[in-house]
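Visitor: Next up is a structure, given as structure tokens.
Readers should treat all values here as calculations from the given coordinates under stated rules, not as data from a laboratory. Fair warning: this is a prediction, and the values are worked out from it, not measured in the lab. Note that we place each Cβ from the backbone using ideal geometry, even for glycine, and neighbour counts take in every protein chain shown.
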Amino acid sequence: MTINHHHHLLISDAIKLQLGKELDGAINLYNRVLAVDPDNWIAISNLGVLLAKKGHFSAAIRLVLRLKFSHPSPGNFFEIYRELGVNLCLHGYKKHALEWLKFALSLKPNDAEVRRIVEEIEVPKYLNPFAYDFNQAKWLKRYAPYEKNNYIYAVDVVGTCNLRCPSCPVGNMPNDPRPKGFMSVELFREILQKIKKETPVENPEIWLFNWGEPLLHPNIKEIVEAIHELGWPVMISTNLNVKKGIDQLAQSIPTSIKISISGVTDKTYSITHERGNIDLVKNNLRLLRDCLDKYQSHLSVDKRTRVYIGYHQYKDNLDEQKVAEKMAEELGFGFAANPAIIQPVEKMMAILEDEPNPLNENLVKKLLVHPKVLTQNIADKRSGNYDCELRFNMTSINHDGSVGLCCSTYSNANQIAPDFLKISHQELETKKYKNEFCKKCSAMSLNYSLCDIAP
């Protein structure tokens, strides 16, 4: 057997493994080829894509740069540049993703999918590309927001929650109580009218949650419909531990609903969703599916409510994740799993500063990544030259109409205005950019910002 024929067989086997999503096996075979044939362009290009999928970007970029600058026909590798850009974007490296996607677009200017992604990760036109931070005394760059390429108003229509999750301030900050209650429909409509007058975008997105449980509100249907009257998208995040209101929720047709869970057995779920009942949640998921089919089946797919389950990963619930994912699939709901983090930012600061608290220590032990390791990993990816999107792309409004510094702060000290109706959008922005707390948050890498250091 000739050497070239042997390489061909290895590459053929590697491609089969790649198509079968056995990425590690394929990577091993491509590396074997390159060890004896370092200029094998098929191995270089395919290995570059696989390494990018695995998040090994330094090695992936080195290989793809060889294609771009050393191959006699670099324009033949549009798919490789596109895949590298897409995977960089998925891992949060928007700045570097944009470079590769724009290069791919230069090769195929009419590729609609790449053009759509480029438009999504370029700084949107409604944002000033720079903002002056008074505390740091420097200009910060802005970027396309991770959450939504649209301005967001997080309106906490319910000022409390029925659960006491240890990762949430309602459960972990009992000594810093917030006013409790429901936002009146009248106040909510007044807030919408003020938003309409001063929003930086034509159709802002309204989130009907922050720290409260929106389905506790007795008039949630009327609230959602008030947003629909303006033609704006609306999102609800819920623990679904309720005994009524799901029928009305489905009738109101919110744009999207996120349901958070942290297990599928009571033994697991009740610890991290304290006071919650997973059997009630499961029953409500089925009821929600039935109600959506009943009230929305006549609508086109793009007009129906998008529902997905958000699975909070802890060390002791990973074995239940596949069951939760299968449950979501059977119901026709989306599914997303992410490592649990501790909120609010004030609590994270206390943990990073080693404030003694047995409750904190017990919760930290359950996390997949210790907060100190997490923030150090984040710090390593940031230059500190970019703004925080919770500041530049969102306004957080409490049930009583007061305004928080951002959606990740909770304490009374971090409420920046007593009445949203009596302060302008620009005045709120100025208060945010002059707030000392943001300086500390940024210094500890707790802010929500761009990863811009080369991977």
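Visitor: Just need log10 I(q)/I(0) for segment 361-422 at q = 0.18 Å⁻¹, Debye formula, equal scatterers on the alpha-carbon atoms, no solvent, rounded to two decimals.
Guide: -0.85
Visitor: Only helical DSSP H runs with n ≥ 4 go in: add -39500 (n - 2.57) per run for the chain, normalise by residue count and round the 222 nm mean residue ellipticity to 500 deg cm²/dmol.
Guide: Details: 20 runs with 215 residues, N = 455.
Helix contribution divided over all residues of the chain: -14000 deg cm²/dmol.
Visitor: Next up: If you average the C-alpha positions of segment 261-298 and of segment 68-87 separately, how far apart do those two centres end up, in angstrom?
Guide: 45
Visitor: Further question: Could you give the length gained by full extension between residue 357 and residue 413, i.e. 0.36 nm per residue of separation minus their alpha carbon distance, to one decimal place? Could the numbers behind the result be given before it?
Guide: Values: separation 56, 0.36 × 56 = 20.16 nm, distance 2.08 nm.
Gain in length upon complete extension: 18.1 nm.
Visitor: Provide the packing ranking of 188-195, 392-399, i.e. peptides ordered by the mean count of other C-beta atoms within 10 Å per residue, highest first. Show your work: numbers first, answer last.
Guide: Numbers: 188-195: 17.9, 392-399: 24.0.
Put in order of decreasing packing, that is 392-399, 188-195.
Visitor: On to the next question. Would you mind getting the Kirkwood hydrodynamic radius of segment 137-178 from its Cα pairs, rounded to one decimal in Å?
Guide: Working: mean 1/r = 0.0721 Å⁻¹.
Kirkwood radius, segment 137-178: 13.9 Å.
Visitor: Still on this model: When the Cα atoms of segment 147-229 are enclosed in a convex hull and the volume is divided per residue, what value in Å³ results? Mind dumping the intermediate values first?
Guide: Numbers: hull volume 9.1 nm³, N = 83.
Each residue corresponds to 109 Å³ of Cα convex hull volume.
Visitor: I would also like to ask the following. So, R0 is 30 Å and r is the distance between the beta-carbons of residue 197 and residue 102; what FRET efficiency does that work out to, to 0.05? Intermediate results must be reported in sequence, preceding the final value.
Guide: Working: r = 37 Å, r/R0 = 1.22.
Approximately 0.25, to the nearest 0.05.
Visitor: Let me ask another. Treating the angle as unsigned and between 0 and 90°, give the value, to the nearest 10°, between the Cα long axis of helix 94-107 and the longest Cα principal axis of the chain.
Guide: Compared with the principal axis, the helix lies near 50 degrees.
Visitor: What angle do you read, to the nearest 10 degrees and between 0 and 90, between the alpha-carbon axis of helix 112-121 and the longest principal axis of the chain?
Guide: In the chain, helix 112-121 runs at an angle near 50 degrees to the longest axis.
Visitor: For residue 315, go through the aspartates and glutamates and keep the ones whose alpha-carbon is under 14 Å away, minus same-chain ones fewer than eight residues off.
Guide: Of all the aspartates and glutamates, none pass the test against residue 315 - Cα under 14 Å, at least 8 places apart if same chain.
Visitor: Could you give the length gained on full extension between residue 222 and residue 423, defined as 0.36 nm per residue of separation minus the Cα-Cα distance, in nm?
Guide: Numbers: separation 201, 0.36 × 201 = 72.36 nm, distance 2.58 nm.
Answer, rounded to one decimal: 69.8 nm.
Visitor: Using a simple charge model, +1 on the beta-carbon of Lys and Arg, -1 on the beta-carbon of Asp and Glu, nothing else, what dipole does segment 3-121 show about its Cα centre, in debye to the nearest 20?
Guide: Details: 15 positive and 12 negative charges, 53 e Å.
The calculated dipole for segment 3-121 is roughly 260 debye.
Visitor: Would you mind checking the pairs 53/95; 141/439; 53/303; 94/434; 243/282 and listing those with alpha carbons more than 21 angstrom apart? If you can, show how the numbers build up before the last one.
Guide: Values: 53/95 17 Å; 141/439 16 Å; 53/303 32 Å; 94/434 27 Å; 243/282 12 Å.
The answer is 53/303; 94/434.
Visitor: In what sequence, highest mean first, do 24-36, 269-281 appear when ranked by Cβ atoms within 10 angstrom?
Guide: Details: 24-36: 16.8, 269-281: 18.8.
In descending order of packing, they fall as 269-281, 24-36.
Visitor: May I ask you to order 240-252, 77-89, 440-452 by the average number of other C-beta atoms within 10 Å around their residues, highest value first?
Guide: On the way: 240-252: 18.2, 77-89: 22.4, 440-452: 20.2.
My ranking of the peptides, most packed first, is 77-89, 440-452, 240-252.
Visitor: Moving on. Given 199, 224, 241, which one lies farthest toward the positive end of the charge dipole of segment 182-254, if we put +1 on the Cβ of every Lys and Arg and -1 on the Cβ of every Asp and Glu?
Guide: Farthest along the dipole direction, towards plus: 241.
Visitor: Report, in debye and to the nearest 20, how large the dipole of the chain comes out about its Cα centre when Lys and Arg carry +1 and Asp and Glu carry -1 on their Cβ.
Guide: Numbers: 56 positive and 53 negative charges, 85 e Å.
Dipole size: approximately 400 debye.
Visitor: Let me ask you something else. Please determine, in degrees from 0 to 90 and to the nearest 10, the orientation of helix 371-380 with respect to the longest principal axis defined by the Cα atoms of the chain, where the helix direction is its Cα long axis.
Guide: Helix 371-380 sits at roughly 50 degrees to that axis.
Visitor: Shifting gears a bit: Could you please report the charge total around residue 165, scoring K, R as +1 and D, E as -1 over all other residues with beta-carbon less than 14 angstrom from its beta-carbon? Before the final figure, lay out the partial values.
Guide: Working: positive: 164, 275, 347, 366; negative: 213, 274.
Once all neighbours under 14 Å are counted, the net charge is +2.
Visitor: How about the chain: what cysteines have no other cysteine beta carbon under 4.7 Å from their own?
Guide: So, 89, 161, 291, 388, 406, 407, 438, 441, 451.
Visitor: Average the reciprocal distances over every distinct pair of alpha-carbons in the chain, invert the result, and give the Kirkwood radius in Å. It would help to have the intermediate numbers written out before the result.
Guide: On the way: mean 1/r = 0.0411 Å⁻¹.
Roughly 24.4 Å, rounded to one decimal.
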